[in-house]
Structure formats: structure tokens, C-alpha cells
């Protein structure tokens, strides 16, 4: 299906006069083959060359050296481009790059129309594609009124409707909620298995490629690893050198092995993990019996003592209630110290056919010093809500207070408010505009009227804080990778030294190393007193970092509590298109299988401690 033969690709950077100032080798001497019907995962750090390689496969770019053929067609030959793009559909990281229709139906139909299909066939393909991505209800909706995740589903539907022989997913689930991500991944596997469509799946989520036929790892433009998921994920230390990590279940297995437990390190999913626990416990029981000791508890007990389980649940609930009480106590002073939304509602495009009620009677208090996560399925109102925090959107109804003042009262300067409440958008490129990175990060402090020396100092500190090197100061922000752009955008907000930092999916599209660095930065800022509000679809990040969680549904806040409390309600979360963190799901499944472990653990470190105790 695809053959790359000694492929190299170079980007040319030019100065103001148009002369080449630098040559960047994005890909170096890559050779590989992908057979028809194969499902191939592609991993690598931000800036490793994954997206560049993907664009070469459907002739959006041409190799500087070497040759690529798709279904036997040379991408160098202009006469082949039309057929290549019919055969190799591509779904980009940012859906705005490929949405052009005025309605969801029109956008999805665009591809089939352009390959000359009959109207009846187009209608059927559009219906099938929208059903696959869960967007049938938005048939006549304008894409401009959709959330980022919903737009992404529409972009995927547009490619699916073309029914190509090969589909390239370039981080296309990065902005989707857990249920949406699961549906798209299932759809990709169904297309692969039932229709023999070749799938190239570029991702930073290791769990998404554990069922791939093969995994390719690209690092600094080179193909450095290749093999089955089992083979690739056996090399944890090597992956770490490339800025990647093992799947969460594999990480837990490795840590148990390091703690002296005779536990296989190459398990990839929950089922394999439970089987390994069964094996270890059975072996421990045999050893105990051989030593003449009674060890009734060493084997999974199908009849878990209900009384003990109920007692533990009550204890867990009491702990959550205590933490909840602390949150409530802190809120008593929030009217004068924090951010308060009182009966806030918001309607998009009022009095038009596109009118849409995005927020409904929101009552919310955010205390200074909190680390708050906001979760909810795509389109639940999360992004709309946070744009009210610093006055980017004005409520259709209700009031917003900061430090006891109504931010919409006459005389209140919202420019000052935006210096105190910083917002990092879902797509960083939307807030980058200057010629260089340094100028972009300096823009905010400069507009506060600060002395030039302080402006520069703030910019330097912010750029360093987000893990970028001083070598990028003079680069254009638009030359950077998606992950680097996100860091520059965050640096621009940090340079303002806000009291509240609000981030909308800040780690979506970042590689594992970059994600951890950024989240650790947010944790450090929070420990220094900054309030952090994190909108995220990644339950692992929420579990590890947030202390309080809001759950949104159809423009309303339906759950608000401590992280521990929220992740106890599995059925409710799943009903809302969300899911438990992998660690929490694993601990519950172990308990269901009869293993007497704490089923309410949701953080990795706690799980390692609990399972080490249980298996020792």
C-alpha cells in the first residue's frame, strides 16, 4: 500500500529578503513498507517528523530525496496526485484546517461530491459517516457553532465518507472526550478489519496503539524502532530516551517488578494484568502451602466479605465528605477573594435559526489557590464557561464577581481582569501573532506598561518555565511544532503573572514527556499560590493533579466535588461519555475478579503501594 525508499525531507527557513537562512532536516533516510489492510501506529515526540511523514503520504509534501509510492503511484508525479488523495485520506490534528461547509451535512458531503458520486450514494455515505462519529444529531448545525471536539468528529466523518483505501489519523482524537476517542478508535479498527482499509494512526496515547499490528517510532526524523506492540513496549528505557512512555498498565507492571514482585513487565491491558495477578497469587499460595502455613487470603476470593467492603466504602465516603467540607469552608470567603458565577446563562446566536443555549444557570465559586479540573463530553459547555471567567464572553443572564466586584458593573476595567485571569485557548496558534517567540511572549507585559527590563525578564522566565530553550527566542512561533506553539502560548500568559491560570486542553497533542513537564509546571505554580483551572478530557491527568472536579453536561454543572468523590461514580461518568482513569478501572476490575484490594484507588503511586502489599 505504501512504500518509502530512503526518504529525506528538508524545510527551508528564509529571511526577510526571501533568502534561505537555514535548512532543517525533518526526515532522514526513512525506508519502510506498509501492506494493504495493516493497522500501523506511529509514535514520536513533538517535532520528531511524524506529521511531516504523514503529509508526504498523500502528496501534500514531496520528498527532498528518495521516493514514496501509494498503491503503486509515485507521489512525485503530478498526474498521480488526484488518485493518491482519493486512496489516502488524512485527518489533521486541528479540524479547522479541513472544515469548509456551512453545515455539518454539507461539509461531510464535500469529498463524495468531488469524486462524482450519485446523490443517493452521497446521502447514504454522509449518514453512515456521521453515525460512526456520533454526530447525526448535528446534521444541520453550522460547524462554527460546534466545540473543538465536535469539529474534529465532523472532519473525521468527511474523510470516512470518501471511503479511501488508506486513512491517516494525525492526532485526530486529541480533542475528543473519552467516549468519542473510544468510538473513533473502534471505528478505525472496524474499517481496518471489516473493509480492509489500511490505517496509519499517529498518536501520543500509548493505549490507542496496543492493538495495532505494528508500531513505528520516529525520533529526530529517523525511524528508530519498529515491531509489534509487545516488542516495542518491552523497551521502556529506550522509549523514555525518545520522550515516550509505556501504557499505564505496563508502567504499573514494571513498577511492581522493580519492587521485587515476580510480575511480568510486558502486560499491555487490564485483562493481561489480572491474569498475571492470578498467576502470582496462585504461586504464592503454593509456596505458603509448602511451608505448612495457612494463607487463605493469598488467592483471589470470589466471595469477598461484603461487610468489610461496606465498611471500607463508608470510610472512603467519610474521607470524601471531610475533603468536601474543607472545600465548602474555603468558599465562605470566596465572594471577596475568588471568582464567583451567579446564575450565569449564555446563548450563542440569539434570535437566529442557529440559536443555541450553551450555559444554563451556572452557579460556581472558584477559591484562590485551588487546582480545579473541569470535565465533560465534547460540547457540554466547558470552553464556553471558561471564556466567561475573564470577560471574553458576556452572560446572557446572571452576574460574575471577582474579588467581590461585578465585572460587568460600569467602570470595571476588564483589561485589568485579564491581567489577573489568564486564559490559554484550545488551539495555541489562535493566540500567537508576533514575528518572533520573544516578541509574542513579551506582548502582554509590555501592554501592562512595565519597564522594558522587567518585560524582558518576565518573558525570559516564562519561556524557561515552560521548558523551551533560549535558542527559540528569535524564531517565528509559526515555525514551531504544535506542542512548542502550546508552550509559547502558555508562556505568554505566564509572563502576565496572573492570579488565576485557566487552560483549555493544554496538553492535548503533546508527547508524554512534554505533557508531564507541563503538568508538573502547573502543579508547581499551584503550590506557589496560583489558582489553576484545567479543562481536560484526559482522566489520568485529572486524577494525578486536580483536587476538585466539576462535571458538565448540556451546559450545566451536574457534579462538583473532590477528585476522589467524583471518580467513585463510574456509572454516572460513563453515562456522560466519560471514563475512569486506567488505574481506577484496573483496581475496580481486580476487586470484581475477587482480589481483596482497595477498589477506590485512582492514582498510580497509591496503586503501586497497594498491589505491592497485596502480592508480597
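The values are calculated or read from the model by the stated rules, or taken from the named source; none is laboratory data. Just so it is clear, the structure is predicted and the values come from calculations on it, not from any experiment. Positions of Cβ are backbone-derived with ideal geometry, glycine not excepted, and every protein chain shown enters the neighbour counts.
Numerical summary
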read-out	value
Filter result for residue 96 (within 24 Å of residue 203 (Cα to Cα) and in contact with a helix residue (DSSP H, G or I) (Cβ under 7 Å, 6 or more places away or on another chain))	yes
Yes/no for residue 31 being surrounded by 13 or more Cβ atoms within 10 Å (Cβ to Cβ) and within 20 Å of residue 220 (Cα to Cα)	no
Identity of the residue in segment 439-448, surrounded by fewer than 21 Cβ atoms within 10 Å (Cβ to Cβ) and in contact with a helix residue (DSSP H, G or I) (Cβ under 8 Å, 6 or more places away or on another chain), that ends up nearest to residue 171 (Cα to Cα)	443
Segment 368-393 - residue that is modelled with pLDDT under 90 and more than 19 Å from the chain's Cα centre (by Cα) and, of those, nearest to residue 572 (Cα to Cα)	368
Boolean, residue 211 is surrounded by fewer than 16 Cβ atoms within 10 Å (Cβ to Cβ) and part of a loop (DSSP other than H, G, I, E, B)	yes
Hits in segment 156-180 - residues which are crowded, with 24+ Cβ neighbours inside 10 Å and part of a helix (DSSP H, G or I)	156, 157, 158, 160, 180
Hits in segment 460-483 - residues which are in contact with a helix residue (DSSP H, G or I) (Cβ under 6 Å, 6 or more places away or on another chain) and either within 25 Å of residue 51 (Cα to Cα) or at pLDDT 95 or above (or both)	463, 466, 467, 468, 472, 473, 475, 477, 483
Candidates 244, 239, filtered to the one that is outside any helix (DSSP H, G or I) and under 17 Å from residue 50 (Cβ atoms)	244
Residue under evaluation residue 598, criteria (1) outside any helix (DSSP H, G or I); (2) in the same structural domain as residue 494 (by TED's automatic domain parsing); (3) in contact (Cβ under 8 Å) with a residue 60 or more places away in the chain, criterion not met	(2)
Pairs, first within 19 Å of residue 503 (Cα to Cα) and in the same structural domain as residue 349 (by TED's automatic domain parsing) in segment 390-416, second at pLDDT below 85 and not in a loop (DSSP other than H, G, I, E, B), C-beta under 6 Å, six or more apart	390/417; 390/418; 391/414; 391/417
Selected residue [touching a strand residue (DSSP E or B) at 6+ places or on another chain (Cβ under 8 Å) and outside any strand (DSSP E or B)] from 384, 365	384
Entirely in segment 19-88, the strands (runs of 3 or more DSSP E) that have 2 or more residues that are farther than 22 Å from residue 203 by Cα	20-34, 65-70
Test: residue in segment 534-552 that is modelled with pLDDT of 90 or more, touching a strand residue (DSSP E or B) at 6+ places or on another chain (Cβ under 6 Å), outside any helix (DSSP H, G or I) and over 20 Å from residue 426 (Cβ atoms)	yes
Wholly within segment 443-530, helices (runs of 4 or more DSSP H) carrying at least 2 residues that are within 22 Å of the chain's Cα centre (by Cα) and either under 26 Å from residue 366 (Cα atoms) or touching a residue at least 24 places away in the same chain (Cβ under 8 Å) (or both)	482-494, 512-527
